[in-house]
Amino acid sequence: MKLDGKTPKGPLDDKWTNYRSKMDLVAPNNKRRLDVIVVGTGLAGASAASTLGELGYNVKCFTFHDSPRRAHSIAAQGGINAAKNYQNDGDSVYRLFYDTIKGGDYRSRESNVHRLAEVSRNIIDQAAAQGVPFAREYGGLLANRSFGGVQVSRTFYARGQTGQQLLLGAYQSLSRQISLGSVKMYNRHEMLDVVKIDGKARGIIARNLLTGELERHAAHCVVLATGGYGNVFYLSTNAMGSNVTAAWRAVKRGAYMANPCYTQIHPTCIPVSGDYQSKLTLMSESLRNDGRVWVPKKKEDVMAIREGRKTGNDVPEEDRDYYLERRYPAFGNLVPRDVASRAAKVVCDEGHGVNSTGLAVYLDFSDAIQRYGKSEANTMGNHNPDAATIKRLGTAVIEAKYGNLFEMYEKITGENPYVYPMKIYPAVHYTMGGLWVDYNLETNVPGLFALGEANFSDHGANRLGASALMQGLADGYFVLPYTIGTFLCNEIRTPKIDPNAPEFEEAETSTRTRLEKILNIKGNQTVESFHRRLGKIMWEYCGMSRSAEGLKKGRQMIRDLKAEFHRDVFVPGTQAEFNPELEKALRVADFIELGENMMVDALDRNESCGGHYREEYTENGEAQRNDEDYTYVSAWEWDDDQPILHKEELIFENVELKTRSYK
Amino acid sequence: MDLILKVWRQKNNADSGRFEKYKVKANEHMSFLEMMDVLNEDLLAKKEEPIAFEHDCREGICGSCNMVIDGRPHGPNNGTTTCQLHMRFFKDGDTITVEPWRVKAFPVIKDLVVDRSAFDRIIQSGGYISVNTGQAQDANAIPIEKDLAGQAFDAATCIGCGACAAACPNASAMLFTSAKINHLGLLPQGEVEHSKRVQAMVTQMDEEGFGMCSNTGACEVDCPKEISISNIALMNRSYFGSVFGSDKGSK
Ligand SMILES: Cc1cc2nc3c(=O)[nH]c(=O)nc-3n(C[C@H](O)[C@H](O)[C@H](O)COP(=O)(O)OP(=O)(O)OC[C@H]3O[C@@H](n4cnc5c(N)ncnc54)[C@H](O)[C@@H]3O)c2cc1C
């Protein structure tokens, strides 16, 4: 089947404006009669729920967290992009659009990405009006910085806590709608199934996590803003609770999973230090603005460092390999994430890694400290500063820019990054894949929408830094509130959906059976141990580099793991109580199934693009795309034995497909 | 390192709860929560129920984790959440006591998990700026002095963990409430609703059953984001100003 992305006709620049101006609307008096369920309160969900509430819909909003404010979005650090061109450095909607398409290695939909670039400007206005304390210049105007893969400064930020501040803005707007009664909030409720009636999404089954009770919630349509699935790798930078269950349950009800193999491995994370670890920590990409990435050229230096006889500071300049600057002179340390991660893997595989595991490279700020120190001294009228002054002043600048990140690094590693270069290594960070959606952000199941990281829509095979926050808020504030009307305008005569309908009965019963089965296995292995094994398989065979042979093997290993899980997992306690182990077990069971889907998808895609790197398809060490055969979105109709692949052809009318070069 | 943990176990809110002792093997590179994970895996291996505790980002920003460690919310280090506390700050052979927040307005759900929805209701009562999506003007239309923006930011860094109330002998939520009031009130965007906001949020805070502030300063000391107690004074000024009609914003 050919999938229809429902891209409107007409010139790229006018598509969204024309579409929005001509789409059918739901009148205010009718909005009051329509119920919408929003699952998720991250940037995408909170912004959607509050905006839908403002518009007059009856909104029910769900999160498994104890408060909407704790969604994973809270942890985003570095910033959010917008084509404001406040720096007058040549930015524009077109440039943001182009950078995003190119950054995504030409595997995203032009129309969606252009719309994203257009509304990016409104997001900054909205957030500033909510009181989000973005960084400012001395003149009181907003400050910007650069992120990887671009040559302009378009990233807005709030120290190293941009996600926190944007989420609090959205959370506060949501709180206002809750107090006005337009949104009813359900904290500590986990959605475990989608309910379809006559083919349309009409509600969910949610488990009240405090009591264990299964609840039926009916609505005219359902919006999933449930985040990404990076935790399928067990170790990732995602919050521990992030999971795929909502999306995967939708897949089990017929929604298509798009491009699940597109995973982003972030180049700058704190390296793994031990087996007990369950979580990796990101060091924001913004650090690559000022940090230089290198490894020692000589093996003897590497050995001395690994054995603790030397530190990075002892390696003379001429013995350092600034490999990103060497390989990619045009972008240097600011190449996109997929490129930077692979380059780190290459130097470590060649034996140049700088910690005891051999899996770490340096991110060094000493040059930046020198540069800033001199310029600060200059502005203070000191044109001949001594080394100590330069160091002190430069360190202060770095501290003002990245203080909380440096502090976090020191807390975790016990090493002072102002003195010793940071050690970093790539880690799983973001998933570009997700539920397939059309231009309206509607999945192939009518009335089921997907927003934010949970959908696949805008980042192609690789996401550029500071674009996830932008996409989440674009979807929630400025896209879905309009496009949801295309579905709901045909529902104004539909009476309230009845939660006693047989479809609800069936969904509740099958969910209950699923829970009871898992509880009754009473095996001998913990949920955590299965999750860890799954992660190892995924990282080994579907991680930074993949091969057909490995993927086939990986798929079989996952199938075996699944069988073992359902035979031997141990989950204590009962259904009818607060039971965190049970919650985890359900999530891991779904991750295992998703893992298989990822392997199948990666195997189908016989090319290398963005975060998907197939060892068989490379040219001079760079990823080799195959536009002839693979310029499509893979949308999987999942079936354990015979998954069906639906293809959405990607049509490029405005951008010429080129080999992505950052040289 | 070998440790003895005295952990508060409480099946649910109706249960009266008690301390249980556990032995656990840790190493100094672990975070406190990773050490708890190890303990839980041990318990599961023995088919015992693991200790319920909240955690999510493990980066000190989501505000989920909330353990009182040896009598101090988030443990011995200033400016550190439980998840960012590392075992290198403990010694081999130590006995460590772990309890939930003890705050009337935060009832215990299970073991170390408490219900902090009172904080959500305080925000719902007025902790926002009333602007609908799409109503905003260009973000650079209102320049804001860098220092002022910085001050607002310092208040805005609150993660809503509740350590302030847990540290306070009166279980007061003044630091939490004042931080939000000042974050918004210091900015021109938030000034318009400031008086109304202060009254509504203070009223809600009282209704939730949080205690009064008696200036012990414990909240500031244990706040993992080191939010200044001066926020409380600023809020009090605004509150009395708004009640007695002399307030002209919080500045
Ligand atoms: C450490 C880190 C730093 C980052 N920094 C940046 C950055 O600087 N810039 C940038 O652009 N991006 C950044 N990202 C990426 C970005 O943070 C995320 O992609 C984005 O926040 C996802 O938002 P979301 O709203 O889609 O989902 P989330 O924030 O993950 O929210 C998901 C919501 O869904 C709920 N939920 C999920 N499943 C269920 C269920 N079954 N039932 C009920 N509720 C459910 C959760 O409770 C939660 O409320 C970063 C990511 C990480 C990990």
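The values are calculated or read from the model by the stated rules, or taken from the named source; none is laboratory data. Fair warning: this is a prediction, and the values are worked out from it, not measured in the lab. Methodologically, a virtual Cβ is constructed for each residue, glycine included, from the backbone with ideal geometry; neighbour enumeration extends over all protein chains shown. When the accessible area is computed, the model is the full protein with side chains, heavy atoms only, and any ligands, DNA or RNA have been set aside. Shrake-Rupley method; radii C 1.70, N 1.55, O 1.52, S 1.80 Å.
Structure data summary
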item: Residue with peak Gaussian network fluctuation, chain B [Cα springs, cutoff 10 Å], from B:I96, B:I232, B:I181; result: B:I96
item: List B:S117, A:S50, B:S228, ordered by accessible area with a 1.4 Å probe, largest first; result: B:S228, B:S117, A:S50
item: Under Karplus coefficients 6.51, -1.76 and 1.60, residue-wise ³J(HN,Hα) of the stretch B:93-98 in Hz, glycine/proline x; result: x, 4, 9, 10, 9, 10
item: Calculated [θ] (222 nm, deg cm²/dmol) that DSSP helices of n ≥ 4 give over chain A, each run adding -39,500 (n - 2.57); result: -12500 deg cm²/dmol
item: Overall form of the stretch A:484-621 per C-alpha gyration tensor (a/c, 1.5; a/b vs b/c); result: oblate
item: Accessible area per residue, Å², the stretch A:1-120 with all protein chains present, probe 1.4 Å; result: 34
item: Theoretical FRET efficiency, 1/(1+(r/R0)^6), r = Cβ-Cβ of A:I197 and A:E649, R0 30 Å, to 0.05; result: 0.40
item: Prolate/oblate/rounded label for the protein assembly as shown (Cα gyration tensor, a/c 1.5); result: rounded
item: Rounded accessible area per residue of the stretch A:223-320, 1.4 Å, Å²; result: 27
item: Solvent-accessible area buried by pairing A with B, both sides, nearest 100 square angstrom, 1.4 angstrom probe; result: 6000
item: Whole-Hz couplings from phi, Karplus 6.51/-1.76/1.60, listed for the stretch A:286-298; x for Gly and Pro; result: 4, 4, 6, 4, 10, x, 10, 8, 7, 9, x, 6, 8
item: Using a Förster distance of 35 Å, the FRET efficiency for A:E350-A:E137 (Cβ separation, nearest 0.05); result: 0.25
item: Those residues of the stretch B:17-35 for which accessible area with every protein chain present is at least 10 Å² below the isolated value (1.4 Å probe); result: B:N27, B:H29, B:M30, B:E34
item: Principal-axis tilt of helix B:230-244 within chain B, Cα atoms, nearest 10 degrees; result: 40
item: Accessible carbon and sulfur surface of chain A relative to its total accessible area, %, 1.4 Å; result: 48
item: Label-point separation in nm, A:T311 to A:E616, each point 7 Å along Cα→Cβ; result: 4.8
item: Chain B - mean residue ellipticity at 222 nm from DSSP helices (-39,500 (n - 2.57) per run, n ≥ 4, rounded to 500); result: -10000 deg cm²/dmol
item: Rounded tilt (10° steps) of A:527-542 against the dominant C-alpha axis of chain A; result: 60
item: Protein-protein interface of the stretch A:169-194, residues with accessible area decrease of at least 20 Å², isolated chain reference, 1.4 Å probe; result: A:Y171, A:Q172, A:S175, A:R176, A:I178, A:S179, A:R188
item: Surface share of carbon and sulfur [accessible, 1.4 angstrom probe, percent] for the stretch B:116-244; result: 51
item: Full-stretch length increase - A:A387, A:R371 - with 0.36 nm per residue and alpha-carbon distance subtracted; result: 4.6 nm
item: Straight-distance crosslink candidates among lysines, where the alpha carbon sits under 23 Å from B:K196 and sequence neighbours closer than 8 are dropped; result: B:K180, B:K248, B:K251
item: Share of Cα-Cα pairs in chain B lying beyond 28 Å, as whole percent; result: 39
item: 1.4 Å probe, heavy atoms, protein only - residues of the stretch A:64-104 losing at least 50 Å² accessible area vs chain alone; result: A:R69, A:R70, A:Y86
item: Relative contact order for chain B, counting Cα pairs under 8 Å that sit 6 or more residues apart, in percent; result: 19
item: Accessible-area ranking of A:H266, A:H566, largest first, probe 1.4 Å; result: A:H566, A:H266
item: In nm, spacing of pseudo-spin labels at A:D641 and A:N524 (7 Å Cα→C-beta vector); result: 3.1
item: Accessible area per residue, Å², the stretch B:116-244 with all protein chains present, probe 1.4 Å; result: 37
item: Two-site label geometry, A:K297 and B:S214: point separation in nm, points 7 Å out along Cα→Cβ; result: 6.9
item: Neighbourhood net charge (12 Å Cβ-Cβ; Lys/Arg +1, Asp/Glu -1) for A:V223; result: -2
item: Amide proton proximity set for A:Q264, modelled H, under 5 Å, gap of 5+; result: A:H429, A:Y430, A:T431, A:M432
item: Solvent-accessible surface (1.4 angstrom probe) belonging to B:E59, in square angstrom, nearest 10; result: 10
item: Cα-based helix-to-principal-axis angle, B:174-185 vs chain B, degrees rounded to 10; result: 40
item: Anisotropy class of the stretch A:1-155 from Cα gyration tensor, a/c 1.5 cut; result: oblate
